[in-house]
Amino acid sequence: MAADSTPWTYRQPTEIVFGAGARERLPEITGRLGSSPVFVTDGGLVELPLIAELPALLGEDTPVFADVAPNPTVGMVDALAELIRERGADVVVAAGGGSSLDCAKAACSVALQGGPARRYHSGGEALDERHLPLVAMPTTAGTGSEVTPNSVLGDPEKGVKAPVVHDNFFPTTALIDPELTHSMPRGVTASTGFDALSHAVEGYWSRNHQPICDTLALRAVELVFDHLEDVLEDGADATAREGMSLAALLGGMAFQAPQNAAVHACSFPFSASYHLPHGAACAMTLDHFIRFNAPAMGERGVALARAAGCEDMERLADEVARMKAEAGLPTTLSEIGVADDDIPAIVEASFHPLMDNNPREVTPDALTEMYRRLL
Ligand SMILES: [Fe+2]
């Protein structure tokens, strides 16, 4: 076999603390980074007992910002940055799904560099190095945001949802306590679980893939296939929850260097215009791109399929399609309100730069055909 001499780098500056009950270490970890914390979470989580007790661990009167909503916007980043400045905070703790973590990542830079956040979004100015330390505590198992430099933000005025990627956005510490994921409803578990799977698959097949991320990706795929169906059947299954938290972590580490590809590029219009949760938007095309990319993958495709316990990529696509349907995620575009006439606009909006990472070239005609079949 010919040596693959393409140079590669792997960098993971985030400290990772993982385990059931790890949240008890929050005061010690945060205390190392600053003396005046702000706690960030989303409106839907702030009342949950396990989340509600976290700010008190940081000290009385810790300010709580609970105005993050799904698909966070540049406006939410500005509101959080304002609170950070007002309170003179020097460290941020964010507990939540990708939304809270992504909003906090951007606010940690915007608070020091000045807003509005829109200035730095979708082709805007580059951020400099100034940012506050961030402790990221995921309450879902999917985004991998706790270990990536990505912050996916929307700008409703421009109708754009896009990732901003900057070295500042690596959280200082990822504090991963799988017990925080137990209260996730089944639909969120399904959607975020497919996000984890999509990260592993896309990090693996990205044109920028490399050996460390490949290894992490294959293990993440294996973990999803071992645990996702169990956790969907019983959300209190601690072993399966921990397995999915680990899958999400490894999936995040698997794509943060190579970056995602066609599945993620196509997910953005489904989320921005049809309000599909991010993981469900990835699931929409995942099995279809597994079939589409198979001819470009050769032996590497067989290794990917085997990590999932499948013989080849065709069987892997069949399994992913079955799991998606059984998880209750949408499997057709008409279910989410897409009509045949909408397809040209969605095809156009799908050509985000991540599309260039896909192992097989995606043409507008090929994507149109895929979306027509998905109707
Ligand atoms: Fe994702």
### Message
Residue under question is residue 303, and the condition is that it be within 22 Å of residue 207 (Cα to Cα) and either surrounded by fewer than 20 Cβ atoms within 10 Å (Cβ to Cβ) or free of Cβ contacts under 8 Å to residues at least 24 places away in the same chain (or both); does it hold?
### Response
yes
Residue hits (segment 67-112; within 25 Å of residue 281 (Cβ to Cβ) and small (Gly, Ala, Ser)) are 69, 75, 94, 95, 96, 97, 98, 99, 100, 104, 106, 107
*Inspect segment 266-275 for any residue being touching a Gly at 6+ places or on another chain (Cβ under 7 Å), open to solvent by less than 10 Å² (accessible area, probe 1.4 Å) and within 16 Å of the ligand (Cβ to nearest atom) and give the result as yes or no.*
no
* Considering every residue within segment 151-160, establish whether at least one is within 16 Å of residue 14 (Cβ to Cβ) and open to solvent by less than 10 Å² (accessible area, probe 1.4 Å). => yes
By residue number, the members of segment 118-136 that are among the small types (Gly, Ala, Ser), surrounded by 15 or more Cβ atoms within 10 Å (Cβ to Cβ) and in a loop (DSSP other than H, G, I, E, B) are 122
Selection from segment 137-148 of residues open to solvent by less than 10 Å² (accessible area, probe 1.4 Å) and farther than 16 Å from residue 50 by Cβ yields 142, 144, 145, 146, 147, 148
Notebook entry, point to check: away from the ligand (no atom under 12 Å from the Cβ), touching a Leu at 6+ places or on another chain (Cβ under 9 Å) and closer than 23 Å to residue 325 by Cβ, is that true of residue 240?
Noted result: yes
Of 94, 111, 79, the only residue that is away from the ligand (no atom under 16 Å from the Cβ), in contact (Cβ under 8 Å) with a residue 12 or more places away in the chain, closer than 26 Å to residue 273 by Cβ and not assigned by TED's automatic domain parsing to the domain that holds residue 275 is 79
Within segment 213-255, of all residues that are within 22 Å of residue 315 (Cα to Cα) and among the acidic types (Asp, Glu), the one least open to solvent (accessible area, probe 1.4 Å) is 214
Matching residues in segment 308-320 (within 23 Å of residue 281 (Cα to Cα) and touching a Leu at 6+ places or on another chain (Cβ under 9 Å)) number 5
query: Within segment 175-191, is even one residue closer than 18 Å to residue 256 by Cβ, modelled with pLDDT of 95 or more and not assigned by TED's automatic domain parsing to the domain that holds residue 268?
result: yes
Matching residues in segment 29-51 (open to solvent by 50 Å² or more (accessible area, probe 1.4 Å), part of a helix (DSSP H, G or I) and farther than 13 Å from residue 91 by Cα) number 2
- Message: Whether any residue in segment 310-320 is within 22 Å of the chain's Cα centre (by Cα), away from the ligand (no atom under 14 Å from the Cβ) and of a type in the set (Gly, Ala, Ser) is what I want to check.
- Response: yes
Within segment 119-126, is even one residue at pLDDT below 95, within 16 Å of the ligand (Cβ to nearest atom) and not aliphatic (A, V, I, L, M)?
-> no
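The values are calculated or read from the model by the stated rules, or taken from the named source; none is laboratory data. Since the structure is predicted, the reported quantities are computational estimates derived from the model, not experimental observations. In this analysis, Cβ positions are derived from the backbone assuming ideal geometry, glycine residues included, and neighbour counts consider all displayed protein chains. With ligands, DNA and RNA removed, areas are computed over all heavy atoms of the protein, side chains included. Shrake-Rupley method; radii C 1.70, N 1.55, O 1.52, S 1.80 Å.
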